[in-house]
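Okay, structure first, notes after.
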Amino acid sequence: MKELSLNILDIAQNSITAEADLVEISLNETDTTLTLTVKDNGYGMSPEFLASVHDPFSTTRTTRKVGLGIPLLKLAAEQTDGYIDLRSTQRSADPENCGTVITAFFNKDHLDFTPIGDIVSTITTLLQGFPDIDYVFSHRIETGGAEKLIAIDTRDMRVILGDEVPLSDPMVLVWVKETLEEQYSAL
Ligand SMILES: Nc1ncnc2c1ncn2[C@@H]1O[C@H](COP(=O)(O)OP(=O)(O)O)[C@@H](O)[C@H]1O
Ligand SMILES: [Mg+2]
């Protein structure tokens, strides 16, 4: 994929398929590295499945036999001499603390590093498509000794919006887009 933001969209959609109601997407950047974490509270994966999920033929979907979301993220990370790490607790094992955390580590200086791309669109696409889920997005950038933080938490937004206005409301989407773009342009 040309942009990591598209890989991230794919990985977040896995969380939604897994019935998560909270998806946390974090990006942590230094001068030379990028760490992506997508954490959800969905139904998780069995230990057996977890062991096989790096393999592009492991999928629980029935419409298409080959699952590619995780293998493509893995490829994007490994291309930069990075890696992915997957942790998951199944709902049947621990209903209170179930979920999945996927971490991907990238070396930004590597020739084959895929740029993050349009992450703001990834966030607004998720809000538009799945407005009943909460999202915590944070992008921490530590470069040249300074630290910047771009962040949004839909749980805080709901307090202001109330029950009447969904996250998919066009006015809300525009507000989120502008708020994030403002934070990025202030860097
Ligand atoms: N966050 C998640 N929670 C539970 N299961 C997951 C999660 N992410 C991936 N999976 C499981 O891993 C499989 C492979 O995911 P992926 O590589 O994105 O392919 P696909 O989504 O096309 O099946 C999924 O079918 C699903 O069974
Ligand atoms: Mg997928």
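Listed values, structure above:
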| quantity | calculated |
| --- | --- |
| Residue check for T100: within 14 Å of ligand 2 (Cβ to nearest atom), on the phi < 0 side of the Ramachandran plot and not aliphatic (A, V, I, L, M) | yes |
| Residue list for region 29-60, filter: in a loop (DSSP other than H, G, I, E, B), away from ligand 2 (no atom under 16 Å from the Cβ) and more than 30 Å from G145 (Cα to Cα) | N41, S46 |
| Subset tally (residues that are over 21 Å from M157 (Cβ atoms) and either buried (at least 21 other Cβ atoms within 10 Å of the Cβ) or away from ligand 2 (no atom under 13 Å from the Cβ) (or both)) for region 15-28 | 2 |
| Any chance T89 is buried (at least 17 other Cβ atoms within 10 Å of the Cβ) and touching a residue at least 60 places away in the same chain (Cβ under 8 Å) | no |
| Pairs where the first residue, in region 3-28, is under 19 Å from S138 (Cβ atoms) and part of a helix (DSSP H, G or I) and the second is acidic (D, E) and more than 13 Å from ligand 2 (Cβ to nearest atom), C-beta under 6 Å, 6+ apart | S5/D118 |
| Region 111-155: number of residues that are modelled with pLDDT of 95 or more and on the phi > 0 side of the Ramachandran plot | 1 |
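The values are calculated or read from the model by the stated rules, or taken from the named source; none is laboratory data. Remember, it's a predicted structure, so these values are computed and weren't measured experimentally. Using ideal geometry, Cβ is built from the backbone for each residue, glycine included, and neighbour counts are taken over all protein chains shown.
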